[in-house]
1. Can you tell me which of 177-190, 434-447, 27-40 comes out highest on packing, and rank the rest after it, using the mean Cβ neighbours within 10 Å?
2. What is the gain in length, in nm to one decimal, between ASN172 and ALA420 on full extension, counting 0.36 nm per residue of separation less the C-alpha to C-alpha distance?
3. Quote the charge dipole size of segment 186-326 about the Cα centre in Debye, to the nearest 20; the model charges only the Cβ of Lys and Arg (+1) and of Asp and Glu (-1).
4. Of GLY244, ALA203, LEU277, which is farthest along the charge dipole of segment 171-280 in the positive direction, counting Lys and Arg as +1 and Asp and Glu as -1 at C-beta?
5. With every protein chain kept in place and ligands, DNA and RNA left out, what is the accessible area per residue of segment 27-92? Probe 1.4 Å, answer in Å².
6. Does segment 56-213 classify as rounded, prolate or oblate by the C-alpha gyration tensor (a ≥ b ≥ c root eigenvalues; a/c under 1.5 gives rounded; else a/b over b/c gives prolate, otherwise oblate)?
7. How much length is gained on full extension from ASP454 to ALA235, taking 0.36 nm per residue of separation minus their Cα-Cα distance?
8. Quickly work out the ALA442-to-GLN336 label distance, labels modelled 7 Å from Cα along the C-beta direction, and quote it in nm with one decimal.
Amino acid sequence: MRVAFLASEAVPFAKTGGLADVAAALPKALREQGVDIILALPLYAQIDRALIKGPPLEIPVDWRGRVKPTLVWRSDASGVPAYLIDAPEYFSRASVYGETDDHERFAFFGRATLTTFRHLGWTPDIIHGNDWPCGFAIIELRARRRFDPFFQKTRTLFTIHNLAYQGSFDANDVWWLGFGDQRDQNDFMLNGRASALKAGLNAADALSTVSRRYAQEIQTPEYGYGLDWLLRARADRLVGITNGVDYNVWNPETDPHIAANFSLKDLSGKTACKRDLLQRFGLPDQTEAPVIAIISRLVAQKGYDLIKDVAGAIVESGAFFIVLGSGDREYEDFLQDLQDAAPRQVGFYRGYAGEPLAHQIEAGADMFLMPSAYEPCGLNQMYSMRYATVPIVRATGGLDDTVENYDPVKGTGNGFKFHAYEAGALLDKIREALYFYSKPAAWQQIQRNGMMADNSWSAAALRYTELYQDVVKL
Ligand code: ADP
């Protein structure tokens, strides 16, 4: 089975969110199961050049009526062979996304990637595209299959990591990006504009998303972002496979970034991690007080409107509150003001900190908040559980699939979970968690239940290989 895994970000090359973790860990887990897999992504200016290897391939890419010679570099840094498309005019930018010509940038990425496979004589059985930036490659593959025997047998899988990001652009641009066929053009159209996500959803042979619950949710108007009708129409080709955790990277027993290692058998190192965390954020050395933490993009999706409403109550409870994130100005300013008002209780790191601080927070915190409005899968709740940090989550998407509410009578459950998207519901769960935090035996039970949960990639990768086998038969 030959699989080309296309992604717009992957660790250790470029990361803005969970997709980058998945695009590193899943291909590695698939390779361990015998899949012949190649990763393809753009060579952004931000990527450390020490990670790539030359000499590069020189690929002539047909692009907008001429041939654009393009360098393609190789790397093994993510654990599988990776090809990085080097087009400085498109990828030497200040940020990975958010440029006005994103549609042109990622359409080129798709075109150059397919051309590279042709040049290598490497016919994939499956092209596995992820999120809207890969929608272009998916629909282009379908178009090419009509006339190019090289890709005749190639099938496509398109995975939705977040339906809200739709790659929307001016419909007049579809034609000159190379999609002249009427059916292709129709597949892009969404409310008078073009959408790379919709093109991928229409053109892919099969669809998947990153949790079972999210696969159901996106078929409803509440979570469907205007595309629920299309997902219902394609429901027979849509599956949900919950993401896993790379336990080589997220493992408190071996983690090199944290102050002390700890394990299910011996949790004592966690206190040293907590002390270290408080010190890093300039907070007093009071390890008996609970630390409630958040690491996320500061966007409405992550539940910051609820957090704004409950932050005062968290501070009043006497807990520490530590937030790592960057994003919308409104939430950044709120958190900055909160820290200024309660500097001995609130720690706020504004920005994208990279891996070590994220690990130190997971290791040193007692509770981790994820009150998301929606959450396709979510990774931090699973990282938290491994690090004996108890997640407090809203029952949506992958949070609902992976977190079970603590039941003190049965002794089951690995966190706290509320349902309605309301500040009162969140606050009730925070209070419940604080209550059990004050009962060490119960608290340790919740921690251990979380640490024992197996969210490794191997089970998920097995499901993907089974899916690939079904898709090649289509
Ligand atoms: P999403 O993909 O929606 O951003 P996930 O929970 O799936 O959410 O994944 C987020 C990933 O990004 C996690 O690995 C998290 O630790 C990381 N992350 C988010 N914000 C930051 C930040 N400011 N600094 C460091 N890591 C961050």
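The values are calculated or read from the model by the stated rules, or taken from the named source; none is laboratory data. Note that the structure is predicted; figures quoted are calculated from it, not measured. Positions of Cβ are generated from backbone atoms using ideal geometry, with glycine treated the same way; all protein chains shown enter the neighbour counts. For accessibility, only protein heavy atoms count, side chains too; no ligands or nucleic acids. Shrake-Rupley method; radii C 1.70, N 1.55, O 1.52, S 1.80 Å.
1. The densest-packed peptide leads the list: 27-40, 177-190, 434-447.
2. Values: separation 248, 0.36 × 248 = 89.28 nm, distance 4.13 nm.
The ASN172-ALA420 span can extend by a further 85.1 nm.
3. Working: 15 positive and 16 negative charges, 60 e Å.
Dipole magnitude for segment 186-326 comes out near 280 debye.
4. Going by the charge dipole, the pick is LEU277.
5. Result: 45 Å² per residue.
6. Cα axes put segment 56-213 in the rounded bin.
7. Fully extending the segment from ASP454 to ALA235 adds 76.0 nm.
8. Using points 7 Å along Cα→Cβ, the separation is 4.0 nm.
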